[in-house]
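S.K.: Dropping a structure here in C-alpha cells format, bear with me for questions.
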Amino acid sequence: MNERSNPLPYRHTLIVMRHAKSDWGEDLPDVARPLSERGERDAAAAGHWLDAAPLDPNLAVVSPAVRTQQTWHLVAAAMPWAPTAVTDQRIYAADPDMLLQVVRELPEDLHTVVLVGHNPGCEVLVGDLASPDGDAAAFARMASKYRTLGTAVLGIPASWADIGHHNCDLLDFVVPRG
C-alpha cells in the first residue's frame, strides 16, 4: 500500500472514476463487457493524468465488472507506482447510497482513495457529496456529461465515516483521453 500522506489540505481525498469506454460488440452479459480500443487508450491516459496530479492514492476500490477491472489495470500500469486495489462486489450496479456506504467504511489511515465504478451511481454520488462552494469550472465540466472515464476529485474535511451530502469540495473533474 502506498504510504504517502495526503498532499492536499483535506483530511481525505476521494477520486470517483467512471470506467473507460466499453465494447458493445459481443453478445455478453453487462458485467462481462470488456473495454473498447478507445477505452484502453483512454484508461492509459487516465493513469498518466493520475500520476501527474498531486493526489497519491493509497487504495483503489474497483467494481467486479470486466470493464472496471480493465480500466483500473490500465490506469495502474501507466503509473510508475500504483496503490493496492481491492474488488468490492457492492460497486457493480450500485446506487449512490451503496457507494456512500462503501466510502464510509474506508479505514481512516487511508488518505486518498480511488473508487472505480459505473454511472449513474458515480455521477449521482459526486453530485450528492459536492458542496455548491466547490470549483465552478469543475462543476460545469461535470454538468455537461459524466462521460466514460469521467473523474471527479473531492476534498473531504471530515472522516470517511462522516462523509455526507454536500460536505465535500469538488476540486476537479477531468475526462482523460488517449
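S.K.: Going by the structure shown, is Val86 β-branched (Val, Ile, Thr) and either surrounded by 18 or more Cβ atoms within 10 Å (Cβ to Cβ) or without any contact (Cβ under 8 Å) to a residue 24 or more places away in the chain (or both)? Steps first, please.
M.R.: Values: β-branched (Val, Ile, Thr): yes; either surrounded by 18 or more Cβ atoms within 10 Å (Cβ to Cβ) or without any contact (Cβ under 8 Å) to a residue 24 or more places away in the chain (or both): no.
No, not satisfied.
S.K.: With the requirement that a residue be outside any helix (DSSP H, G or I) and open to solvent by 10 Å² or more (accessible area, probe 1.4 Å), what does region 105-130 give you?
M.R.: Glu105, Leu106, Pro107, Glu108, Asp109, His111, His118, Asn119, Pro120, listed by residue number.
S.K.: For residues that are modelled with pLDDT under 95 and among the hydrophobic types (A, V, I, L, M, F, W, C), scanning just region 139-155, find the one that is surrounded by the most Cβ atoms within 10 Å (Cβ to Cβ).
M.R.: Met142
For (1) among the aliphatic types (A, V, I, L, M); (2) open to solvent by less than 50 Å² (accessible area, probe 1.4 Å); (3) within 14 Å of the chain's Cα centre (by Cα), each residue gets a yes or a no:
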position: His19; (1), (2), (3): no, yes, yes
position: Asp23; (1), (2), (3): no, no, no
position: Asp30; (1), (2), (3): no, no, no
position: Ala52; (1), (2), (3): yes, no, no
position: Leu59; (1), (2), (3): yes, yes, yes
position: His73; (1), (2), (3): no, no, yes
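S.K.: In addition: Name the helices (runs of 4 or more DSSP H) wholly within region 1-104 that hold at least 1 residues that are aromatic (Phe, Trp, Tyr) and either at pLDDT 95 or above or out of contact with any Pro (no Cβ under 7 Å at 6 or more places or on another chain) (or both)?
M.R.: Values: elements: 37-52, 66-77, 96-104.
Because the criterion is at least 1 residues that are aromatic (Phe, Trp, Tyr) and either at pLDDT 95 or above or out of contact with any Pro (no Cβ under 7 Å at 6 or more places or on another chain) (or both), the helices (runs of 4 or more DSSP H) in region 1-104 that meet it are 37-52, 66-77.
S.K.: Which condition number in (1) open to solvent by less than 50 Å² (accessible area, probe 1.4 Å); (2) assigned to a helix (DSSP H, G or I) is the one that Pro176 fails?
M.R.: Evaluating Pro176 over (1) open to solvent by less than 50 Å² (accessible area, probe 1.4 Å); (2) assigned to a helix (DSSP H, G or I) leaves (2) as the failure.
The values are calculated or read from the model by the stated rules, or taken from the named source; none is laboratory data. For clarity, every value in this text was computed on a predicted model and none was experimentally measured. Quick reminder, even Gly has a Cβ in these numbers, built from the backbone with ideal geometry, and neighbours come from all protein chains shown. Protein only, heavy atoms only, side chains kept; ligands, DNA and RNA dropped before computing areas. Shrake-Rupley method; radii C 1.70, N 1.55, O 1.52, S 1.80 Å.
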